[in-house]
Every structure is written in structure tokens, then in C-alpha cells.
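Peer 1: I'd like to ask some things about the structure below.
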Amino acid sequence: MSDGSPILSSEALDTLLDRLTDDLIAASMADAAFIGVYTGGAHLAARLVDRIAARGHQRPKLGTMDITMYRDDLYTGLEKPILGDTDIPFNVTGQRIVLVDDVLFTGRTIHAALRQMMDYGRPRSVSLLVLIDRGHRELPIGADFVGQIVDTGKRDKVVVKLIESGASIDGVDLIPQREG
């Protein structure tokens with residue numbers, strides 16, 4: 001789907017997820033509940049939960065969240081939104097939460113996720129894990145766990161390709177866009 005430059009190969013993405021799993025365990029977050037932002041973050045959260053369990057820890061609780069209806073730009077000319085499922089099969093109140101997304105950009109998606117999460121309860125704490133942090137923040141939101149920081153232009157596209165989303169192979173590409 002992309003004519004861009006590879007940022008992460010399948011093998012590099014796998015290595016990065018191993019490191020993030022190590023970081024979560026080292027930070028005593030293996031017993032936190034994980035919520036993945038639909039779609040890429042949901043798939044990444046599931047992979048992280050699997051990796052934590054594979055390392056002998058109890059399988060963390062896992063939920064998914066579609067933040068579409070919480071976006072502050074929903075009615076400002078975006079493409080027709082595709083709604084996903086929000087499935088949080090546990091009580092958020094009092095939980096330590098690891099919120100997982102694939103790319104951190106302006107911070108608006110995470111802002112929407114935090115707003116939606118409060119409709120499900122009041123967590124004890126929320127930590128943010130992102131695969132790619134590309135900068136250009138519009139809101140004061142930062143990740144606690146970052147796979148890789150990527151220098152991009154504001155208009156560039158970062159495409160996370162995951163097999164669970166229909167890609168033939170995992171990877172991350174940068175697709176440059178002309179500024180203008």
C-alpha cells in the first residue's frame with residue numbers, strides 16, 4: 001500500500017515489541033490492564049499481552065477502544081469514519097491502564113481516548129505506549145513507553161502495516177508528502 005521508505009522491517013518491529021515488553025515488565029506494568037486504540041493500537045496491545053504471558057506473567061486484562069465519536073475533528077471534513085468496536089471487558093475504575101496506540105502525532109487521538117476512558121470509570125493511573133512517536137504535538141501529551149522516535153514532516157504519513165489489519169507482512173513505512 002505504500003510508496004514510502006521503510007522505517008521498520010518485520011524483524012525490526014518484532015525486536016521493538018520485545019524491547020517494549022521488557023520495558024513494561026521492568027516498570028512493573030505486567031499486571032496493568034491494556035487498552036488498545038482501534039485499529040493498530042488494538043493489535044499491538046494484543047501482541048504485548050501475549051508476549052507478557054509468554055514470559056511467565058499472568059495474562060493482563062485486554063480491551064479495545066474506538067475513539068472515533070470522541071474526536072474533536074469528527075465533523076470538520078474528515079473522510080467518512082469507519083467505526084470499530086469498543087470492548088473493555090473489565091472495570092476501569094482503580095486499574096492501572098496501559099493505553100496502546102501505533103503512532104503518536106498531534107496528541108488528539110490520545111486526548112479522545114482519555115475522554116472516552118473516563119466514561120468507563122476512573123483509572124488509578126494511565127501510561128501511554130506508542131510504537132512510533134513522530135512529534136508535531138498540538139496538545140501536551142507524551143508517551144511513557146516509545147518504540148521509536150521518527151523525524152517527519154508535518155504532512156508526511158507514517159503507515160503501520162500489521163498482518164492482523166490485512167497486510168501481507170508487518171512493517172512501518174514513511175510516505176513523504178510535499179509541504180505546501
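The values are calculated or read from the model by the stated rules, or taken from the named source; none is laboratory data. Owing to the predicted nature of the structure, the values given are computational and were not obtained by experimental measurement. As a convention, Cβ positions derive from the backbone with ideal geometry for all residues, glycine included, and neighbour counts pool all protein chains shown. Surface accessibility is based on the protein's heavy atoms, side chains included, excluding ligands, DNA and RNA. Shrake-Rupley method; radii C 1.70, N 1.55, O 1.52, S 1.80 Å.
Peer 1: Report the full-extension gain for the segment residue 18 to residue 87: residue separation times 0.36 nm, less the Cα-Cα distance, to one decimal in nm.
Peer 2: Stretched out fully, the residue 18 to residue 87 stretch lengthens by 22.3 nm.
Peer 1: When we measure straight from the Cα of residue 157, which aspartates and glutamates land under 17 angstrom away, once same-chain ones fewer than 8 places off are left out?
Peer 2: Counting by Cα, and skipping residues close in sequence, residue 157 has these aspartates and glutamates nearby: 3, 79, 101, 102, 133, 138, 170, 173, 179.
Peer 1: Are there any trypsin sites (Lys or Arg not before Pro) in segment 1-57 that are in a DSSP loop and have at most 14 other Cβ atoms within 10 Å? List them by number.
Peer 2: Answer by residue number: 55.
Peer 1: Identify which of 114, 48, 129 has the largest mean-square fluctuation in a Gaussian network model of the chain, with springs joining Cα atoms closer than 10 Å.
Peer 2: 114
Peer 1: Quick check for you: with a 1.4 Å probe and neighbouring chains kept, what is the accessible area per residue of the chain, in Å²?
Peer 2: Accessible surface, normalised per residue, equals 52 Å².
Peer 1: Sort out the exposed loop chymotrypsin sites (Phe, Trp or Tyr not before Pro) in the chain (DSSP loop, at most 16 other Cβ within 10 Å) and tell me the longest stretch that has none.
Peer 2: Between the exposed loop sites, the longest stretch runs 91-180.
Peer 1: Then there is this: Taking all protein chains as present, what is the carbon and sulfur share of the accessible area of the chain, in % to the nearest whole number, probe 1.4 Å?
Peer 2: Looking at the chain in its full context, I get 49 percent from C and S.
Peer 1: A further question follows. Amide H to amide H, which residues 5 or more places from residue 62 or on other chains are under 5 Å from it, using H placed in the peptide plane?
Peer 2: The answer is 34.
Peer 1: Looking at 63, 38, 168, which one has the Cα that reaches farthest to the positive end of the dipole of the chain (charges on Cβ: Lys, Arg +1; Asp, Glu -1)?
Peer 2: Farthest along the dipole direction, towards plus: 63.
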